[in-house]
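Scroll down for the structure; my scribbles are underneath it.
The values are calculated or read from the model by the stated rules, or taken from the named source; none is laboratory data. Please read these numbers as outputs of a predicted model, since none were measured by experiment. We place every Cβ from the backbone using ideal geometry, glycine too, and count neighbours over all the protein chains shown. Heads up: the accessible areas ignore ligands, DNA and RNA and are worked out on the full protein's heavy atoms, side chains in. Shrake-Rupley method; radii C 1.70, N 1.55, O 1.52, S 1.80 Å.
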Amino acid sequence: MSASHRTDVIIVGAGVSGLAAARALRERGVRVELLEARDRIGGRVLTHRDPRAPAPIELGAEFVHGSAPEVMSIVREAALLAVDVCGQRWERRNKRLLPSRDFWRRLENVMGRMNASRDPDRSFHEFLATAPGGRRLARDRALAREFVEGFHAADALRISERALAKGGSPHGDVNEQRIGRVLDGYDHVPGWLSRKPYDSVRLRTTVRSIEWEPGAVHLDTSKGSFAARAAILTLPIGVLQARPGDVGAVRIHPAIARHEDALSLMTTGAVTRLVLLFREEFWRKGKLSNLSFLQGSDTDVPVWWTLAPLRAPMLVAWAGGRRGAALALLGIEERLDRVLSSAARQFGAPRKKLASLLVESWTHNWEADPFARGAYSYPLVGGSKAGEALAKPIRGTLYLAGEATVKESDSGTVHGAIRSGRRAATQLARHLGVHS
């Protein structure tokens with residue numbers, strides 16, 4: 001087939017994974033074309049700015065999880081400002097507001113009882129149904145369920161126990177328990193990554209199909225055809241699983257059977273997040289004066305957080321898993337109505353007062369975004385090795401990268417996505433005989 005654009009390597013997706021891969025290859029002298037369907041780079045990093053808000057509004061990735069060396073090296077090199085989240089955690093239990101002391105120890109009381117080599121595998125829900133730890137750990141089990149549904153954006157009925165046992169929590173590692181944020185805005189991270197390959201990025205270029213054979217790929221896109229010796233696909237799991245005819249779906253021929261088997265053992269979690277700007281920090285007038293996180297079993301929004309350590313009149317409402325999926329189905333106005341009602345319940349404040357204090361709210365529906373189709377990935381029962389399988393090259397020609405292709409402890413993170421892009425670039429450069 002003839003192609004209007006020829007190069008050495010084509011990278012599909014200009015999220016942090018694709019950008020990291022492009023930068024690593026360009027530094028090795030490899031010619032690269034980076035194709036992105038959206039009109040922006042960053043993928044699931046989406047930072048919005050509003051002159052009324054005292055801080056950047058993160059609608060996608062927000063936190064720096066654990067030591068995150070790939071992110072922190074960029075923070076240093078780009079002279080960005082990052083801080084650790086501080087403040088107190090609280091829980092709402094049966095209308096009672098309780099300090100969440102020893103959060104990570106209590107989480108480990110439950111998560112540490114899972115079996116990474118259990119055969120057959122089972123769901124986290126099935127694990128909890130055995131009441132590990134007995135009656136004395138009932139509250140800790142509730143906390144663990146909320147953590148898995150919130151942090152992993154997972155359905156407890158579907159996520160793999162084996163995978164969670166391997167890396168579903170920090171397991172007592174103080175460095176990995178840290179949570180930080182980039183004060184300048186997370187979009188500076190993909191911005192820095194794009195500096196070297198910026199002239200290779202083609203926005204508004206939707207890939208429709210990929211024809212390949214060992215040593216050659218041909219891509220049909222909305223902006224013409226592209227040919228190369230190899231391709232790195234950094235598409236989210238939800239997009240790779242999209243059915244023919246769906247917006248953003250990519251047809252790959254011949255099919256990549258082994259990788260499709262691995263894909264069938266993974267799914268994308270649902271998240272609904274609203275960022276709310278108020279006229280004042282109303283929560284600081286009571287016992288929540290130093291709040292960082294507030295969580296509970298609210299039917300709509302079980303997790304809330306402030307912008308701590310910043311003193312800003314902004315709250316983030318977060319619902320993951322089945323709750324997040326249910327909220328995503330609602331219209332924007334009804335979604336905001338549910339969130340304000342939840343805030344009234346969780347913070348013990350009159351709903352009318354909260355509505356009168358609200359200045360603005362922002363959200364992005366990742367479920368309805370055709371180029372994301374969900375928040376981030378998690379392994380289903382039997383899928384604890386699926387990410388590892390996806391990371392294997394296909395005949396030296398197709399390579400998969402993205403947060404779904406790293407180990408469970410790093411999946412769903414920015415640093416995991418960057419690491420995967422660099423890994424794919426190294427695999428491909430080695431195959432091409434290119435050395436750093």
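Of all DSSP beta bridges confined to the chain, the antiparallel ones make up roughly 65%. Accessible surface calculations at 1.4 Å, restricted to protein heavy atoms, place the range 121-244 at 42 Å² per residue. Along its first, second and third principal axes, ordered by size, the range 184-338 spans 65, 36, 27 Å in Cα coordinates. Counting only Cα atoms, the size of the range 297-410 along its three principal axes is 61, 32, 25 Å, in decreasing order.
Only protein atoms count toward the accessible area here, which uses a 1.4 Å probe; on the range 227-321, the carbon and sulfur part of that area reaches 50 percent. Every pair of different Cα atoms in the range 119-276 enters the Kirkwood calculation, which places the hydrodynamic radius at 19.8 Å.
Using heavy atoms of the protein chains and a probe of 1.4 Å, the accessible area assigned to E211 is about 50 Å².
Protein heavy-atom accessible surface, 1.4 Å probe, per residue over the range 311-436: 41 Å². Compactness of the range 71-164 was expressed as the Cα radius of gyration divided by 2.2 N^0.38 Å, which yields 1.35.
Here the dipole of the range 161-263 is about 220 debye; that uses its Cα centre as origin and unit charges on the Cβ of Lys and Arg (positive) and Asp and Glu (negative). Could you check what % of the DSSP bridge pairs in the range 131-282 are antiparallel, to the nearest 5? If I count the DSSP bridges inside the range 131-282, around 80 percent turn out antiparallel. Choose one answer from L157, L107, L235: the residue with the largest mean-square fluctuation in a GNM of the chain with alpha-carbon springs under 10 Å. Most flexible of the set in this elastic network: L157. Between Rg and the Kirkwood Rh of the range 1-160, both from Cα atoms, what is the Rg to Rh ratio? That ratio is 1.08, to two decimals. Its convex hull of Cα atoms gives the range 150-190 a direction-averaged projected area, equal to a quarter of the hull surface, of 4.4 nm². Using a simple spin-label model with pseudo-atoms 7 Å out from Cα toward Cβ, K196 and R208 lie 3.4 nm apart.
For K353, list the lysines whose Cα falls under 24 Å from its own Cα; do not include residues on the same chain fewer than 8 positions away. Candidates past the 8-residue exclusion: K95, K285, K287. Within the chain, the proportion of C-alpha pairs whose separation exceeds 31 Å stands at 40%.
Measuring nothing but protein heavy atoms, the accessible surface of the range 79-149 at 1.4 Å probe radius is 47 percent carbon and sulfur.
Shape analysis of the range 129-217 based on the Cα gyration tensor places the equivalent ellipsoid semi-axes at 40, 22, 13 Å, largest first. For the range 335-421, the fraction of 1.4 Å probe accessible surface lying on carbon and sulfur atoms is 52 percent.
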